[in-house]
Amino acid sequence: MASDAPEMPEVVEVQGHPAEPPANRWWKPDEPRPPQRTVASSTVTTTIGLAALAAVGALTHQTALVPPLAATMAIVTATPQSPLAQPRHVIGGHMLSCLVAFVILALGWHGPWAAAVAAGIACGLVLLLKAAHPPAMATAVMIMLTRPPATHFVPLLALGAALLIAVQMVSARLQRQVYPTSWW
């Protein structure tokens, strides 16, 4: 009788050793590696963008921006065509998460539990407003844990996100590629 199910490799038990699942069950060898040019470009662009961000952070004594924006830079440089890498998502996601966190801080709540709530609410809000950007949840967490002054943090966050987008735009132009693929 014929079956529509894909054929699974047979698991053979070797004497004295338990049977092991096929190697491809845990590792996807068919997943293509990115071109070397993409790897090199992402490495250089991420380094330049984060070095500029670190310089701004050091000058303003606001290094809390670096972790969430480092993840942003990785997404923007490694997958520039992704909706998550577009300016609306990068800037919108971080600013909306920032707004949620500062509202919760204004209500007098902070710390790890508040960070979890802020990140969850921020996640729902960015999805609802079509500005999803996963690293932005780290922005909400950082705000809840460090309680930075909004007057300094908010402009620096906006500047940092815009700086990373600008670095990727320059990199894309130098390579004759298109970034961003959409602004809004």
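The values are calculated or read from the model by the stated rules, or taken from the named source; none is laboratory data. For clarity, every value in this text was computed on a predicted model and none was experimentally measured. All Cβ positions, even for glycine, are placed from backbone atoms using ideal geometry, and neighbour counts span all protein chains on display. Calculation scope for accessible area: heavy atoms of the full protein, side chains included, ligands and nucleic acids excluded. Shrake-Rupley method; radii C 1.70, N 1.55, O 1.52, S 1.80 Å.
Here are the numbers:
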{"read-out": "Stretch gain in nm, segment residue 147-residue 128, where the contour uses 0.36 nm per residue and the Cα spacing is subtracted", "value": "4.3 nm"}
{"read-out": "Solvent exposure of segment 112-168 as accessible area per residue, Å², 1.4 Å probe", "value": "45"}
{"read-out": "All Cα pairs of segment 52-134, percent lying beyond 17 Å", "value": "54"}
{"read-out": "Rounded FRET efficiency, nearest 0.05, which uses the C-beta distance separating residue 30 from residue 176 and R0 of 22 Å", "value": "0.15"}
{"read-out": "Convex hull of Cα atoms in segment 86-152, direction-averaged projection (nm²)", "value": "4.0"}
{"read-out": "Histogram of C-alpha separations across segment 137-184, 10 Å bin width, %", "value": "23, 37, 25, 14, 1"}
{"read-out": "Among 132-138, 57-63, the order from most to least packed when residues are scored by Cβ within 10 Å on average", "value": "132-138, 57-63"}
